[in-house]
Amino acid sequence: MAQRIRNAFRVPPNVALLLLLARLAWPQAEDVKHYVVLTHITVVDVTSGHVRPDYTVVVTGQRITDMGATPTVTVPPGSRVVNGTRKFLIPGLWDMHVHWSDKDYLPLFIANGVTGVRLMWGQPAHQEWRRAIDAGQLLGPHLVIASPIIDGPKPIWDGSISVTSEKQARQVVAKVKREGADFVKVYQGLLRDTYFAIAGEARRQGIAFEGHVPQSVSAEEASRAGQKTFEHLVGVLPACSTRSDELLKAAQADLAEGIASKPKFWGAHVKQLRQAMLDSYSPDKAAALFALFKSQGTWQCPTLTLLRMFGYGDDPAFLDDSRRKYVPKVLLAFWDPAAVDGGRRPEDFAFARQEFQRDLELVGTMQKSGVGILAGTDTSNPFCFPGFSLHDELGLLVKAGLSPIEALQAATLNPARFLGREEDFGNVERGKIADLVLLDANPLDDIANTKKIFAVIVGGRFLPRASLDQMLSSVEALASRELTLTNSILIWLTKNVDEDSFYHIYVPAALALLAAAHVYLALALVTIAGKTKTGHAVWGWIPILNIILMFDIAKKPRWWILLLLIPVVNIFVAVLLWMRIAEVRQKPRWWGVLVVVPVINLIVPGYLAWVA
């Protein structure tokens, strides 16, 4: 629940003004010239790894229509000409592992040169965003959208799709494809039979399945089954151990215990063997596994940004990050690395630092072995910032042993190849979509230079540094808003009340108390009606008029109704709160009206009292 409480604020006037100014600063469809021409610019060819100095690139509409050495390219009349002297041009970047649910923050991606993202938990709103972005009605990156998370009998995340049989697994694959998902997102709580049923149905349906390697299967089995990506290196390190069979059995035991009680990412059996997993690492087993990945076309999205957080989330220097000002407070409230997976102790962080160093070695070795690497961050997990963290990820890939060009390929060329969209994305070439980033320094000299953004072109729209800064200022103002009362209550409940207890104990108890309160009120009304011997039965169907008539007949002052309106107000507040909970749990908003059922305790006894 904590990861998916969405921002439900209304924009106050001062923020609305900033957003309006930012909107005016962004080029609108009618303001964008037909041609944008970048002259005397150095093009970084991410396919070859070479730079091409003093080039001119012509953008017509949404695509690159001409490029070459500056003396050989004709600048069309009426073009918007940008002098690119001492600037470097790279393709737009892709973040291949993102969770996000607030469209008002999408400019953070664009302002950081991230022109495409792969959303790893698909929601109906994401389909709406994609349509709006494609129509030019919303400024945001290109979206590749997963299905909702498909998990086992007891999902880790509330709102996931739980599958418990092979038949249901096959039905779910067909369903999410019909609903527009670009791929099936599998998770680690899946049982073996349902996982392989998903794999088989995905092949029949012609849709990829990607995500976590379930605890019930090995990395080798998942690769051979056709899983297209492994996220977070899940399952890779255990499979590189000489004790891999023992580690798999431990994971399966944790899965069984999680189904019987509460699922966790790291169960007791695996924790007991985690140091042995590192100590028993086998280069020979790793080489065989990576050769399998290469032959099967199994891509890796390591999300080193996330894995670093697991290791360094207790370091005050790491936690003191100025980019927090761009994150909504409702999300920041849950950015506590020490609270991940039910709580982490100092020894957990210490081990995670060891494991992170091994993960870096794994990624470097996989790159050398020819395994496809994708740059992804796992935004919006703690200290995984939208847009900004993609540059962190590139730096960590270089730290893992990739060259700057290889790291750059992981966020440009590799995503295009992985998605089968090389005709549109991946490099600065004639005919491709004009998603481009202009840099003040060469990223091949230092990968950190990808942060030195001079301008961004997204779908042919030229956004200079001033516009990017205005986007950042607007989002900062948006993120600075205080929490609403509803969000504050939900945050408190999430932090202080166990999720299962909340939904299965506290919510039913609250509804029972609400029903009892209305029964009490109804009995009071019946008593009043009995004493007045009134015969206005028709008004008994309308609680408010029912009460007013009773007060008239009982010779009570009209203002006394305010005392009995309190339960009505409580109903209204409960409906709003329940609709908010419905939204968090990804249920239809009308689900919230179920809370008004107790009002029957007002209507029916009241009616019976009037006709008595």
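The values are calculated or read from the model by the stated rules, or taken from the named source; none is laboratory data. Just so you know, these numbers come straight off a predicted model, no measurement behind them. So basically every Cβ, Gly included, is an ideal-geometry build from the backbone, and we count neighbours across all protein chains shown.
Checked against (1) among the acidic types (Asp, Glu); (2) touching a residue at least 60 places away in the same chain (Cβ under 8 Å); (3) farther than 25 Å from Leu394 by Cα, Glu355 meets all criteria but (3).
Scanning the stretch 416-449 for residues that are buried (at least 18 other Cβ atoms within 10 Å of the Cβ), in contact with a helix residue (DSSP H, G or I) (Cβ under 8 Å, 6 or more places away or on another chain) and more than 14 Å from Thr42 (Cα to Cα) gives Phe425, Gly426, Ile447.
Considered as a group, the residues in the stretch 180-200 that are in a helix (DSSP H, G or I) and in contact with an Asp or Glu (Cβ under 7 Å, 6 or more places away or on another chain) include one that is surrounded by the most Cβ atoms within 10 Å (Cβ to Cβ), and that residue is Thr194.
Inspect the stretch 156-172 for any residue being under 30 Å from Leu436 (Cβ atoms), at pLDDT 95 or above and in the same structural domain as Thr194 (by TED's automatic domain parsing) and give the result as yes or no. Looking for residues that are under 30 Å from Leu436 (Cβ atoms), at pLDDT 95 or above and in the same structural domain as Thr194 (by TED's automatic domain parsing), one finds none in the stretch 156-172, hence no. Listed conditions (1) under 22 Å from Met120 (Cα atoms); (2) buried (at least 20 other Cβ atoms within 10 Å of the Cβ) are all met by Cys240, apart from (1). With respect to the stated conditions, Asp245 is surrounded by fewer than 17 Cβ atoms within 10 Å (Cβ to Cβ), farther than 20 Å from Arg118 by Cβ, free of Cβ contacts under 8 Å to residues at least 60 places away in the same chain and in the same structural domain as Leu374 (by TED's automatic domain parsing). Going through (1) in contact (Cβ under 8 Å) with a residue 12 or more places away in the chain; (2) in the same structural domain as His391 (by TED's automatic domain parsing); (3) not hydroxyl-bearing (Ser, Thr, Tyr) one by one, Ile457 falls short only on (2). Residues in the stretch 477-496: is at least one outside the structural domain of Ile133 (by TED's automatic domain parsing) and either among the acidic types (Asp, Glu) or more than 25 Å from Trp335 (Cα to Cα) (or both)? Within the stretch 477-496, one or more residues are outside the structural domain of Ile133 (by TED's automatic domain parsing) and either among the acidic types (Asp, Glu) or more than 25 Å from Trp335 (Cα to Cα) (or both). When the stretch 120-140 is filtered for residues that are outside any loop (DSSP other than H, G, I, E, B) and in contact with a Lys or Arg (Cβ under 7 Å, 6 or more places away or on another chain), only Trp129 remains. Can you confirm whether Lys368 is surrounded by fewer than 14 Cβ atoms within 10 Å (Cβ to Cβ), at pLDDT 95 or above and within 22 Å of the chain's Cα centre (by Cα)? No; evaluated as a whole, the condition is false for this residue.
Considering only residues that are more than 13 Å from the chain's Cα centre (by Cα) and not small (Gly, Ala, Ser), look in the stretch 110-122 and name the one that is farthest from Lys451 (Cα to Cα). If we take residues in the stretch 110-122 being more than 13 Å from the chain's Cα centre (by Cα) and not small (Gly, Ala, Ser), then Thr115 is farthest from Lys451 (Cα to Cα).
Of the residues making up the stretch 77-100, those that are at pLDDT below 95 and loosely packed, with under 14 Cβ neighbours inside 10 Å are Pro77, Gly78. Inspect all residues belonging to the stretch 379-388 and state whether any of them is of a type outside the set (D, E, K, R), assigned to a strand (DSSP E or B), crowded, with 24+ Cβ neighbours inside 10 Å and at pLDDT 95 or above. Within the stretch 379-388, one or more residues are of a type outside the set (D, E, K, R), assigned to a strand (DSSP E or B), crowded, with 24+ Cβ neighbours inside 10 Å and at pLDDT 95 or above.
Could you tell me whether any residue of the stretch 258-273 is under 30 Å from Arg204 (Cα atoms) and within 26 Å of the chain's Cα centre (by Cα)? Taking every residue of the stretch 258-273 in turn, at least one turns out to be under 30 Å from Arg204 (Cα atoms) and within 26 Å of the chain's Cα centre (by Cα).
Among residues of the stretch 78-97 that are more than 18 Å from Leu444 (Cα to Cα), those with a beta-carbon under 9 Å from a residue that is among the acidic types (Asp, Glu) and in a strand (DSSP E or B) at least six positions away or on a different chain give the pairs His97/Glu231. Here the stretch 372-416 is the region considered, the condition is being more than 15 Å from the chain's Cα centre (by Cα) and among the β-branched types (Val, Ile, Thr), and the residue that is nearest to Gly140 (Cα to Cα) is Thr412. Considering the stretch 141-175, the residues that are in a helix (DSSP H, G or I) and out of contact with any Asp or Glu (no Cβ under 9 Å at 6 or more places or on another chain) include one that is nearest to Ala260 (Cα to Cα), namely Gln168.
Summed over the stretch 280-306, the residues that are closer than 17 Å to Gly226 by Cβ and out of contact with any Gly (no Cβ under 9 Å at 6 or more places or on another chain) give a count of 3.
Residues in the stretch 320-349 that are out of contact with any Leu (no Cβ under 7 Å at 6 or more places or on another chain), at pLDDT below 95 and part of a helix (DSSP H, G or I): Leu331, Leu332, Pro337, Ala338, Ala339, Val340, Asp341, Gly342, Pro346, Glu347, Asp348, Phe349. Does the stretch 393-401 contain any residue that is in contact with a strand residue (DSSP E or B) (Cβ under 6 Å, 6 or more places away or on another chain), under 20 Å from Trp94 (Cα atoms) and crowded, with 24+ Cβ neighbours inside 10 Å? Checking the stretch 393-401: not a single residue is in contact with a strand residue (DSSP E or B) (Cβ under 6 Å, 6 or more places away or on another chain), under 20 Å from Trp94 (Cα atoms) and crowded, with 24+ Cβ neighbours inside 10 Å.
Can you tell me which residues in the stretch 350-372 are in contact with a strand residue (DSSP E or B) (Cβ under 8 Å, 6 or more places away or on another chain), over 19 Å from Arg274 (Cα atoms) and not aliphatic (A, V, I, L, M)? Those that are in contact with a strand residue (DSSP E or B) (Cβ under 8 Å, 6 or more places away or on another chain), over 19 Å from Arg274 (Cα atoms) and not aliphatic (A, V, I, L, M): Gln367, Gly372. If you take the residues in the stretch 218-237 that are over 23 Å from Gln357 (Cα atoms) and either touching a helix residue (DSSP H, G or I) at 6+ places or on another chain (Cβ under 6 Å) or of a type in the set (Ser, Thr, Tyr) (or both), which one is surrounded by the most Cβ atoms within 10 Å (Cβ to Cβ)? Among those that are over 23 Å from Gln357 (Cα atoms) and either touching a helix residue (DSSP H, G or I) at 6+ places or on another chain (Cβ under 6 Å) or of a type in the set (Ser, Thr, Tyr) (or both), it is Ser223.
Looking at the stretch 168-179, can you tell me whether even one residue there is surrounded by fewer than 20 Cβ atoms within 10 Å (Cβ to Cβ) and under 19 Å from the mean Cα position of the chain (by Cα)? Yes, the stretch 168-179 contains a residue that is surrounded by fewer than 20 Cβ atoms within 10 Å (Cβ to Cβ) and under 19 Å from the mean Cα position of the chain (by Cα). Is it true that Leu237 is under 23 Å from Glu361 (Cβ atoms), touching an Asp or Glu at 6+ places or on another chain (Cβ under 6 Å) and either of a type in the set (Phe, Trp, Tyr) or at pLDDT 95 or above (or both)? It is false that Leu237 is under 23 Å from Glu361 (Cβ atoms), touching an Asp or Glu at 6+ places or on another chain (Cβ under 6 Å) and either of a type in the set (Phe, Trp, Tyr) or at pLDDT 95 or above (or both). Of Ala135, Ala146, Ala125, all but one fail to be surrounded by fewer than 19 Cβ atoms within 10 Å (Cβ to Cβ), under 14 Å from the mean Cα position of the chain (by Cα) and aliphatic (A, V, I, L, M); the exception is Ala125.
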